[in-house]
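See below for the structure under consideration.
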Amino acid sequence: MTAAPRQATRRAEQRQNLCAATVRALTGDAALHYRGGRLYRGLRPLPFHAPHLRTDAQLDDLVSLRGAADGAALRVTHSDAALHASLCPAEPFERLLFELFEQLRCEALAPVGMPGLAQNLRRRFETWSRSFHRAGLADGHLGILLYTVAQIVWSRLSGWPVLEETEGLIEATRAAVTPSLGVPLAGLRRHRTEQGEFAVHALELARLVSQMMRDARAQSVEEDGQAPEDDEAVRAMFALWFDTDEGEQVDMGLAATGDSRVLRDAGHRYLAYTTRYDRELAPGSRIRSELLAGYRDQLDKRIAAQRINVPRLAYALKAALAVPQRDGWSFGEEHGRIDGRRLAQLVSSPAERRLFLLERHTPLADCVVSFLIDCSGSMRTYIEPVAMLVDVLTRALDQAGVASEVLGFSTGAWNGGRARLDWLAAGRPHHPGRLNEIAHLVFKDAATSWRRARADIAALFKADLFREGVDGEAVDWACTRLRARGEARRILVVISDGSPMDSATAQVNDSYYLDNHLKQVVARNEAARDVELLGLGVGLDLSPYYRRCLAVDLSAPPDMALFGELAGWIGARR
């Protein structure tokens with residue numbers, strides 16, 4: 001990933017955070033936030049299927065993004081989700097329209113004393129309308145009918161005129177359908193403050209429009225012998241804009257996730273069958289000194305080839321993490337508070353101006369940063385660039401006066417190890433929970449400097465460390481270590497390339513048991529707000545787990561541009 005795309009991603013994340021703050025302020029719900037352009041409450045996405053609420057933080061301007069955020073906030077405030085779900089029709093196109101009508105109803109209830117919010121809503125709907133039109137989705141019969149109905153309902157409810165750019169395009173269709181739809185359209189306007197009464201007219205309007213589509217298709221088949229549009233193609237086309245599918249669509253590169261039935265049935269109470277064989281290890285002490293020196297030499301050569309300016313990176317990290325703190329007084333200044341000890345000098349030398357003192361503030365980084373590395377088997381491919389990344393950052397943090405530690409997590413064996421043998425001997429009880437012996441690895445602790453720990457960090461190259469991964473318990477362990485520190489700010493950076501996976505645990509529970517436990521752990525620690533959790537995805541978007549995350553491409557060795565981006569990302573305040 002080059003510098004320009006990373007900067008664009010950074011700006012998009014900042015815009016998304018601003019929109020999330022707006023939604024929380026308007027709704028009073030502190031659990032709302034954005035991930036990947038969708039509004040979440042905690043770890044669950046809110047089921048908003050209106051077309052104009054879907055945005056792209058990198059392409060849309062801030063006013064348009066604010067409009068979508070304001071619309072989402074009004075939907076949360078004015079719509080009863082349970083009532084809406086009970087009334088939603090099953091027929092796809094009727095459901096599509098009913099979802100849109102409910103969203104437009106909520107937007108019509110914008111507070112009178114907030115004209116800026118109303119302008120944002122208008123800007124967002126018009127931006128979506130232009131995009132829909134310019135993408136050619138309004139060219140066919142189905143497209144122009146749906147687009148016209150959307151424009152008419154929006155205009156009736158909001159009081160704004162239809163989009164001028166497409167007014168001529170929809171005029172003929174509007175004239176043809178308005179006489180048939182007049183009664184339910186009037187009902188929408190009249191009952192926009194009452195969700196139940198509004199739904200009666202919205203359902204009738206959706207039914208009439210859907211019937212128009214079926215009639216037009218049947219007539220075309222009778223006259224031409226074929227349907228004007230292929231149903232599957234049309235539904236696929238509109239799914240992009242109207243998001244009519246129940247399931248969450250996952251883009252390429254997004255960490256796979258799902259719902260754990262076993263964990264849900266257990267009241268979300270996570271279990272470990274046995275902790276008897278769990279270990280906390282220092283891998284550097286278990287490797288022959290000659291082999292460890294060879295690993296360190298290999299790592300040094302890779303870093304030297306990249307020509308990383310470590311002092312410059314240390315300065316960037318200190319600037320991002322340090323906070324100015326009072327550090328005594330600066331004397332002999334030409335302005336500030338008068339220094340009483342120099343009043344005699346004022347009498348003897350009236351021209352002397354250096355009679356003042358100022359408070360001296362020094363930037364101090366009262367902070368600790370911990371790197372938690374996923375040492376599962378799939379990470380073995382990336383361990384060389386990951387080791388370079390962690391080693392350089394740890395060295396730079398050391399120069400910046402920031403404490404740091406390097407941790408890892410794996411399992412003590414493949415396929416359950418001794419924990420699974422104990423489970424088999426006990427008669428295979430149902431749903432035993434985590435079924436493996438976990439290994440928590442300490443490559444460098446926060447009390448040890450980089451220079452003293454540099455050899456132990458190179459132990460990351462030892463191949464037999466990489467087995468399977470139980471992420472949730474590892475994150476809890478790393479957070480507990482950070483809480484024992486006295487620094488005011490504690491940051492945990494989790495470096496991973498995928499979802500939690502332990503084959504023995506997945507076989508006897510379900511595929512998402514460890515996955516859902518990681519979500520619980522992250523949510524609990526984020527709510528505590530004493531440790532800042534960041535997810536650094538190696539070629540993968542970790543947003544299903546971490547609110548603050550960044551995906552990096554490590555197919556090539558990390559360069560100075562990437563390190564500069566990471567410095568700003570790690571140091572950014574919440």
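Structural remarks
- In this entry, Glu565 is excluded by the filter for residues that are assigned by TED's automatic domain parsing to the domain that holds Ile383 and within 22 Å of Phe409 (Cα to Cα).
- When Tyr295 is tested against the conditions (1) part of a helix (DSSP H, G or I); (2) free of Cβ contacts under 8 Å to residues at least 60 places away in the same chain, the lone failure is (2).
- Scanning the stretch 499-518 for residues that are of a type outside the set (D, E, K, R), under 11 Å from Asn415 (Cα atoms) and assigned to a loop (DSSP other than H, G, I, E, B) yields a total of 0.
- Scan the stretch 420-462 for residues that are in contact with a strand residue (DSSP E or B) (Cβ under 9 Å, 6 or more places away or on another chain) and among the hydrophobic types (A, V, I, L, M, F, W, C) and the total you get is 14.
Yes/no matrix, rows are residues, columns are (1) farther than 19 Å from Glu94 by Cα; (2) of a type in the set (Gly, Ala, Ser); (3) in a helix (DSSP H, G or I); (4) touching a strand residue (DSSP E or B) at 6+ places or on another chain (Cβ under 9 Å):
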{"site": "Asp139", "(1), (2), (3), (4)": "yes, no, no, no"}
{"site": "Tyr147", "(1), (2), (3), (4)": "no, no, yes, no"}
{"site": "Gln151", "(1), (2), (3), (4)": "no, no, yes, no"}
{"site": "Thr166", "(1), (2), (3), (4)": "yes, no, yes, no"}
{"site": "Glu204", "(1), (2), (3), (4)": "no, no, yes, no"}
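- Of the residues Leu389, Leu424, the single one that is assigned by TED's automatic domain parsing to the domain that holds Gly486, in contact (Cβ under 8 Å) with a residue 60 or more places away in the chain, among the aliphatic types (A, V, I, L, M) and part of a helix (DSSP H, G or I) is Leu389.
- The set of residues in the stretch 254-281 being hydrophobic (A, V, I, L, M, F, W, C), touching a Phe, Trp or Tyr at 6+ places or on another chain (Cβ under 8 Å) and assigned to a loop (DSSP other than H, G, I, E, B) consists of Ala255 alone.
- Residue list for the stretch 83-121, restricted to those being part of a helix (DSSP H, G or I), touching a helix residue (DSSP H, G or I) at 6+ places or on another chain (Cβ under 7 Å) and charged (D, E, K, R): Glu94, Glu102, Arg105, Glu107
- Ala344 meets all of the listed conditions (1) touching a strand residue (DSSP E or B) at 6+ places or on another chain (Cβ under 6 Å); (2) farther than 30 Å from Asp464 by Cβ but one, namely (1).
- Residue selected from the stretch 542-558 under the condition of a type outside the set (Lys, Arg) and closer than 24 Å to Ala30 by Cα, by the criterion surrounded by the most Cβ atoms within 10 Å (Cβ to Cβ): Tyr545
- Taking residues in the stretch 6-31 that are surrounded by 13 or more Cβ atoms within 10 Å (Cβ to Cβ), and partners anywhere that are assigned to a helix (DSSP H, G or I) and hydroxyl-bearing (Ser, Thr, Tyr), the pairs with Cβ atoms closer than 9 Å and at least 6 places apart or on different chains are Leu26/Thr77; Thr27/Thr77.
- Checking the stated criteria, Thr127 turns out not to satisfy the condition of being in contact with a Cys (Cβ under 9 Å, 6 or more places away or on another chain) and either of a type outside the set (A, V, I, L, M, F, W, C) or in a loop (DSSP other than H, G, I, E, B) (or both).
The values are calculated or read from the model by the stated rules, or taken from the named source; none is laboratory data. The shown structure was predicted, so the numbers you read here are calculated from the model rather than taken from an experiment. With ideal geometry, Cβ positions are generated from the backbone for all residues, glycine too; neighbour counts draw on all protein chains shown.
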